[in-house]
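Structure first, commentary second.
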Amino acid sequence: LAEKTFKDRGIEVDFKPGLTKEELAAIIGDYDGLAIRSSTKVTPTILKAAKNLKVVGRAGIGVDNVDVAEATNCGVVVMNTPFGNSITTAEHAISMMWEKSRFMGMEITGKTLGLIGCGNIGSVVADRAQGLKMKVIAFDPYLSAERAADLGIGKVELDELFAKADVLTLHTPLTDQTRGIVGKDAFSKM
């Protein structure tokens with residue numbers, strides 16, 4: 001679909017899934033734009049080889065697979081599609097609560113769902129969980145009290161979330177602040 005969209009607008013497109021990082025580095029100098037998914041890593045090595053590159057488009061929300069700072073230094077714009085797969089991703093998170101083939105199932109009605117991150121996807125997860133009669137609490141430093149009230153969820157600090165949540169979902173970009181946010185210390189508080 002993306003390939004057709006570009007071609008319909010007169011843009012020349014090469015569709016080359018499955019390239020190794022070495023293969024990408026060898027050909028990237030010929031391209032003005034690069035459209036990627038999560039498996040492609042846009043590293044300083046790739047950017048150094050990308051002499052004509054003007055834009056990297058990430059088909060999805062997170063751009064943690066792109067060295068954004070280095071791209072900016074090279075004059076390359078990094079874009080994403082923040083709403084493109086929000087519903088699918090949120091529904092996948094909800095479905096992960098029922099891996100009955102691997103785990104003993106549990107009834108989630110009345111259970112507390114703890115969200116770490118309540119942006120595009122987290123807020124959809126909250127809505128779906130509430131539809132399943134779960135109580136929802138969230139830790140997100142960017143979530144205002146007003147927005148939490150609009151969503152019908154409780155805004156809590158991280159330690160309280162770990163202590164109260166029966167189920168935990170994580171919906172944040174991978175940054176220095178979020179890397180390892182759920183680790184040994186967190187599990188000891190659950």
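The values are calculated or read from the model by the stated rules, or taken from the named source; none is laboratory data. In this text, all values refer to a predicted model and were calculated from it rather than measured experimentally. Counting neighbours? That spans all protein chains shown, and the Cβs are built from the backbone with ideal geometry, glycine included. The accessibility values were calculated without ligands, DNA or RNA, using every heavy atom of the protein model including side chains. Shrake-Rupley method; radii C 1.70, N 1.55, O 1.52, S 1.80 Å.
Classify region 1-78: rounded, prolate or oblate, from the alpha-carbon gyration tensor (a ≥ b ≥ c, eigenvalue square roots; a/c under 1.5 rounded; otherwise prolate if a/b is larger than b/c)? Taking the square roots of the gyration eigenvalues as a ≥ b ≥ c, region 1-78 is rounded.
The aspartates and glutamates whose alpha-carbon is closer than 14 Å to the alpha-carbon of K155, local same-chain residues fewer than 8 away aside, are D140, E146.
What does the C-alpha gyration tensor say about the overall shape of region 93-190? Classify as rounded when a/c is under 1.5, otherwise prolate if a/b is larger than b/c, or oblate. Note, shape of region 93-190 comes out oblate. The accessible surface of the chain, taken with every protein chain in place and a 1.4 Å probe, is 55 percent carbon and sulfur.
Checking the Cα-Cα distances for K111/K184; K7/K48; K16/K184; K4/K51 against a 30 Å cut-off, the pairs over it are K16/K184. Summing +1 for each Lys or Arg and -1 for each Asp or Glu among the other residues whose beta-carbon sits under 14 angstrom from that of A186 gives 0. Taking a ≥ b ≥ c as the square roots of the Cα gyration tensor eigenvalues, the chain comes out prolate, since a/c reaches at least 1.5 and a/b is larger than b/c.
For A35, the residues whose modelled amide H falls within less than 5 Å of its own, excluding neighbours fewer than 5 places apart on the same chain, are G57. Ellipticity at 222 nm from helices only: DSSP H runs of n ≥ 4 in the chain, each -39500 (n - 2.57), divided by the residue count, give -9500 deg cm²/dmol. All other residues whose Cβ lies under 14 angstrom from that of K155 are scored, Lys and Arg at +1 and Asp and Glu at -1, for a net of -3. Counting only aspartates and glutamates at least 8 places from K133 when in the same chain, those with an alpha carbon closer than 13 Å to its own are E107.
For the pair T20 and A2 in one chain, pulling the backbone fully straight at 0.36 nm per residue adds 4.4 nm over the alpha carbon distance. Taking 17 Å as the straight-line reach from the Cα of K189, the lysines in range (excluding those fewer than 8 positions away in the same chain) are K164. Think of a 1.4 Å ball rolled over the protein heavy atoms: the chain then has 63 Å² of accessible area per residue.
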